[in-house]
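Note sheet for the following structure.
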Amino acid sequence: MRPEAAVGDADVRVCPLTVWAWRLGSLAQADLWQRYIDLGGSAGPGEVADYLWGSAVWPAGEHNILAQALDERLWGVGLSSLAPVRSTAGP
């Protein structure tokens with residue numbers, strides 16, 4: 001993951017850059033969920049959908065796994081990283 005892209009450390013809603021990464025990667029929600037699970041994510045498919053649509057908050061660690069899955073997809077289609085990584089450091 002890219003610590004230089006870290007933003008905020010609280011449980012928050014999805015940021016617009018994460019949504020753009022998902023849309024630019026042209027991944028179906030089910031495919032994104034599988035990539036996220038393969039990287040160690042623990043949320044179910046409905047929870048991923050809720051997060052992407054802005055109706056749920058996630059801890060930084062889960063967001064970061066999703067961001068990694070999204071950025072790997074972007075790299076695979078010749079684009080740069082876009083989904084920001086959130087700080088998981090404590091106070």
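Any read-out appearing in this document is the output of simple, stated calculations on the displayed coordinates, not a laboratory observation. Predicted model, so just to flag it, every value in this text is computed and none were measured. Don't worry about glycine lacking a Cβ; one is built from the backbone with ideal geometry, like all the others, and counts go over all protein chains shown.
Listing for the model above:
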| read-out | value |
| --- | --- |
| L79 vs. criteria touching a helix residue (DSSP H, G or I) at 6+ places or on another chain (Cβ under 8 Å), buried (at least 16 other Cβ atoms within 10 Å of the Cβ), within 17 Å of V19 (Cα to Cα) and not acidic (D, E) | no |
| Those residues of region 40-63 which are over 12 Å from V14 (Cα atoms) and under 11 Å from the mean Cα position of the chain (by Cα), in sequence order | G41, G61 |
| Tally of residues being touching a residue at least 12 places away in the same chain (Cβ under 8 Å) and either more than 15 Å from H63 (Cβ to Cβ) or not aromatic (F, W, Y) (or both) across region 17-37 | 12 |
| Qualifying positions in region 25-50 - in contact with a helix residue (DSSP H, G or I) (Cβ under 7 Å, 6 or more places away or on another chain) and buried (at least 16 other Cβ atoms within 10 Å of the Cβ) | G25, L27, L32, W33, R35, Y36, G41, A43, V48, A49 |
